[in-house]
Amino acid sequence: MELQSTSQFSTNAATPLTDVFINIIPTNPVKAMANGDMLPLIFFSILTGISLLMVGRKAAPLIEGVEVANEVMMKMVNIIMSIAPYAVFALIAKAMAELGLELLTQLAGYVLVLVAALLLHLFGTLMFLLKLFSGLSPKMFLQKIRDAQVFAFSTASSNATIPVTLRSVTKRMGVDNSVASFTVPFGATINMDGTAIMQGVATVFIANVYGVELGLSGYLTVILMSVLASIGTAGVPGVGLIMLSMVVVQVGLPVEGIGLILGVDRLLDMIRTSVNVTGDAVVTCVVAKSEKELDMSVFRDSKAGEVEELDIDEEEEEELAEIIHKTEEG
Ligand code: ASP
């Protein structure tokens, strides 16, 4: 993409890829927190999590404390996001004044490229992987995952979609609950292919707008960081954009660049969340097939588990309500 930018901006030099790996291990975790160095922080968090699990019962109060702290942070993000519309207005107005009308056509380019990449991944890569690793019919799969996709599209939240995805893969596709109850919530937490794609495309777009040449190591860093940032993205609306700052900063671009795409992000969030949820279901089917925990007679039956047949008894209903309540809270 060719963009004429009139704004003045000098980049910070991007960190070489080898240093990115070496710096993952923090010499001082508190310093990493103070500086907002995400990768060392993620490393430290994982190590802390493992240690907490190993300590066992004694660590329970601390685990609960961390959960409460997480909830408080999420609330704070919500409060901040509630002023986002005004902030977006100001940012776009400033960007338009500085970069001119061309920005609009460039945004259309960004949206189209991203939607095309997401659709290609959804119908191309994911279906190819499904066929290759499980031999299941992509057509039947797509037909049965539709409810979860529509729900993900309307809520833009992988977490809120968990009950629907679980239902689709177990009742409609015949995956045993022992597999699905692990892979679906796990996938909704860390497997975000759509988000990773958005973060990659968005970073390249921002680099273009600011006229920054990323180069080979820059692109590799973008790929690596997008995957890591998407893993760290919570399955709730808009967080992918917040985590994008991690990728953008890593390649030496200004965080304000994210403001350029804030305005169109909600729609893109809806699409990428559908892709995220489809990815979770594909992996669930592949794992279930390899573990021989997939009932082929259910998978082949196009009518299996359709909503009319759903006959939830009271106990199941309570369970579902509890799951929905928990995911909404989380
Ligand atoms: N909304 C996405 C999800 O829940 C995450 C994101 O990309 O913002 O999967």
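The values are calculated or read from the model by the stated rules, or taken from the named source; none is laboratory data. Note that the coordinates shown come from a computational prediction; the quantities given were computed from them, not determined experimentally. Positions of Cβ are generated from backbone atoms using ideal geometry, with glycine treated the same way; all protein chains shown enter the neighbour counts. What goes into the accessible areas is simple: the full protein's heavy atoms, side chains included, and nothing from ligands, DNA or RNA. Shrake-Rupley method; radii C 1.70, N 1.55, O 1.52, S 1.80 Å.
Towards the positive end of the charge dipole of the range 113-189, with charges on Cβ (+1 Lys, Arg; -1 Asp, Glu), say which of Gly124, Val184, Ser158 has the farthest Cα. The residue sitting most towards the positive pole is Gly124.
Of the solvent-accessible surface of the range 87-196, computed with a 1.4 Å probe and all protein chains present, 74% belongs to carbon and sulfur. In plain terms, if you count all Cα to Cα distances in the chain and split them into 10 Å steps from zero, the share in each step is 5, 23, 30, 25, 13, 3, 0 percent. Going 7 Å from the Cα of Leu224 in the Cα-to-Cβ direction, what parts of the range 23-58 have a backbone nitrogen less than 13 Å from that spot? Taking a point 7 Å out along Cα→Cβ of Leu224, the residues of the range 23-58 whose backbone N falls under 13 Å are 23-25, 39-40.
With runs of 4+ DSSP H residues as the only contributors, calculate the mean residue ellipticity of the chain at 222 nm using -39,500 (n - 2.57) per run, divided by the residue total and rounded to the nearest 500. Could you put the intermediate results ahead of the total?
Values: 17 runs with 238 residues, N = 330.
So the calculated ellipticity at 222 nm is -23500 deg cm²/dmol.
At q = 0.09, 0.14, 0.15, 0.16 Å⁻¹ the log10 of I(q)/I(0) for the range 187-330 amounts to -0.40, -0.79, -0.85, -0.92, computed by Debye summation with a single uniform scatterer per C-alpha, solvent ignored.
If you stretched the chain out fully between Val298 and Thr18, how much longer would it get, using 0.36 nm times the residue separation minus the C-alpha to C-alpha distance?
Length gained between Val298 and Thr18: 96.0 nm.
Go through Leu260, Gly174, Val236 and say which Cα lies farthest out towards the positive end of the charge dipole of the range 170-285; charges sit on Cβ, +1 for Lys and Arg, -1 for Asp and Glu. It is Gly174.
For the chain, the number of Lys pairs separated by eight or more positions or lying on different chains, with C-alpha atoms closer than 18 Å, is 14.
Would you please put 21-30, 113-122, 152-161 in order of how densely packed they are, using the mean number of other Cβ atoms within 10 angstrom per residue and starting with the highest? All intermediate terms of the calculation are to be shown ahead of the outcome.
Details: 21-30: 12.6, 113-122: 16.6, 152-161: 23.1.
The densest-packed peptide leads the list: 152-161, 113-122, 21-30.
FRET efficiency for the pair Phe182 and Leu47, taken as 1/(1 + (r/R0)^6) with r the Cβ-Cβ distance and R0 = 22 Å, rounds to 0.45. For the range 179-304, the per residue solvent-accessible surface stands at 36 Å², with DNA, RNA and ligands left out and a 1.4 Å probe.
Taking R0 as 35 Å, what FRET efficiency do you get between Leu129 and Ile324 from their Cβ-Cβ distance, rounded to the nearest 0.05? Mind showing how you got there, number by number?
On the way: r = 30 Å, r/R0 = 0.85.
After rounding, the FRET efficiency stands at 0.75.
With the full set of protein chains in place, find how many percent of the accessible area of the range 210-330 is carbon and sulfur; take the probe as 1.4 Å.
Values: 3430 of 6050 Å².
Carbon-and-sulfur percentage of accessible area, whole number: 57.
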